[in-house]
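Participant: Just dropping this structure here.
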Amino acid sequence: MAGERTIVVTGCSSGIGAHCARALKADGWRVFATVRKPDDLQVLEAEGIEAFLMDYTRTETISDLVSTVLERSGGRIDALFNNGAYGQPGAVEDLSTATLRAQFEANFFGWHELTRQVIPPMRKRGEGRIVQCSSILGVVPYRYRGAYTASKFALEGLSITMRMELQGSGIHVSLIEPGPIATRFTANALAKIKEHIDLENSPHAVDYISQLARLDGSGSVNRHKLGPEAVYSVLKHALNSKNPRPHYPVTTPAKQGMFLKRLLPADLFYRLMRWTD
């Protein structure tokens, strides 16, 4: 790809998206970063990053983003890093259908819409990279993360299918499965469980005590948690390698989870995951 390469990065208000947007710019990319709140625009723009308001749940903001980026870049979008998402904790039986649907709108349907809109300019140029920031929970299940797990399982299936369909087009699709990364993700999840789950009257009320402790930071600390720079390390490979991998597990728990799922009988593996905390 000759000249200054362009990339759209979503979910750049903090965490993985913010770090990767800054690192990509430092590495010579022209970065078009998205956030959902106006206050977050100013921080990125002050650093010379072109920032836009976009909400995966509002299709018109996706279309506005793509048309503006194409106008500014002369029709060029070399890469897309879908990253913006949130986790809705709670037992499956405690989730309303509306709450589950909202999780899919933000974590799956919006990603699909943005991806569909960037593929035509990539096809026109005969090259492109689509990188999805999935989750190890898109490969292995975890108690009380049913909504998030379902959205990521769906993303994994759709993305790998798309990877096969785009073979020979010059467009490559990869998935990153980070595992535990130090971001505001758990703080946002804490707000969502309090908003949508009846914690006191649930049959899972006792288990929710430990789940809340994990989310608010008062519980045990995950010693395998890494910083967002670990995600950027594999993102660079997915964007620059001649043959990018379909899957990029990042942390030790992510790598172990994928390995054990392949190695163990299903019943044993799921019983093991049942007691993982």
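Participant: Using a 1.4 Å probe on the protein heavy atoms, what percent of the accessible area of the chain belongs to carbon and sulfur?
Facilitator: Result for the chain: 53 percent of the exposed heavy-atom area is carbon or sulfur.
Participant: Roughly how big is segment 29-132's charge dipole about its Cα centre, with Cβ charges of +1 (Lys, Arg) and -1 (Asp, Glu), in debye to the nearest 20?
Facilitator: For segment 29-132, the charge dipole is close to 540 debye.
Participant: Could you give the distance between the Cα centres of segment 60-126 and segment 173-222, to the whole Å?
Facilitator: 24 Å
Participant: Let me ask you something else. What residues qualify as long-range amide H neighbours of residue 33, i.e. H under 5 Å apart, gap of 5 or more or another chain, H built at 1.01 Å from N?
Facilitator: It is 9, 50, 51, 52, by chain and number.
Participant: Now, a different point. Could you work out Rg/(2.2 N^0.38 Å) for segment 62-101, with Rg from alpha carbons only?
Facilitator: 1.92
Participant: Now for a different question. For the pair residue 169 and residue 241, how long in nm is the line joining their label points, each one 7 Å along Cα→Cβ?
Facilitator: In this crude label model, residue 169 to residue 241 measures out at 2.1 nm.
Participant: If I take the Cα coordinates of segment 8-102 and project them onto the principal axes, what are the three extents in Å, biggest first?
Facilitator: Result, largest extent first: 47, 25, 24 Å.
Participant: Given points 7 Å out from each Cα along the Cα-Cβ axis, report the residue 263 to residue 46 separation in nanometres with one decimal.
Facilitator: Result for the modelled spin labels: 4.8 nm.
Participant: Mind ranking 55, 207, 27 by accessible surface for me, highest first, 1.4 Å probe?
Facilitator: 27, 207, 55
Participant: Between their Cα atoms, which of 25/255; 152/261; 37/242 are more than 24 Å away from each other?
Facilitator: Table pairs above 24 Å Cα-Cα are 25/255; 37/242.
Participant: Over the chain, average the accessible area per residue using a 1.4 Å probe and give it in Å², no decimals.
Facilitator: Value for the chain: 48 Å² per residue.
Participant: With angles folded into 0 to 90 degrees, how steeply does helix 59-73 sit against the dominant principal axis of the chain? Use alpha carbons for both and round to 10.
Facilitator: Result, in degrees: 30.
Participant: Which whole-number percent is the relative contact order of the chain (Cα, under 8 Å, 6+ apart)?
Facilitator: 19 percent
Participant: Return the loop-located trypsin sites (Lys or Arg not before Pro) in segment 4-71 (DSSP other than H, G, I, E, B) with at most 11 other Cβ atoms within 10 Å of their own Cβ; answer none if there are none.
Facilitator: Passing sites in segment 4-71 do not exist.
Participant: Next up: With +1 on each Lys and Arg Cβ and -1 on each Asp and Glu Cβ, and nothing else charged, work out how big the dipole of the chain is about its Cα centre, in Debye to the nearest 20.
Facilitator: Around 980 debye, computed over the chain.
Participant: Hey, rough spin-label estimate for residue 202 and residue 161, points 7 angstrom out along Cα→Cβ, what's it come to in nanometres?
Facilitator: 3.0 nm
Participant: What's the long-distance tail for segment 183-243, i.e. % of Cα pairs beyond 14 Å?
Facilitator: Pairs farther apart than 14 Å: 68 percent.
Participant: Another question, then. Specify, per residue and in Å³, the volume enclosed by the convex hull of the alpha carbon atoms belonging to the chain.
Facilitator: 133 Å³
The values are calculated or read from the model by the stated rules, or taken from the named source; none is laboratory data. Just so it is clear, the structure is predicted and the values come from calculations on it, not from any experiment. Every residue, glycine among them, receives a Cβ derived from its backbone with ideal geometry; neighbour counts consider all protein chains shown. The area values use the complete protein model at the heavy-atom level, side chains included, leaving out ligands, DNA and RNA. Shrake-Rupley method; radii C 1.70, N 1.55, O 1.52, S 1.80 Å.
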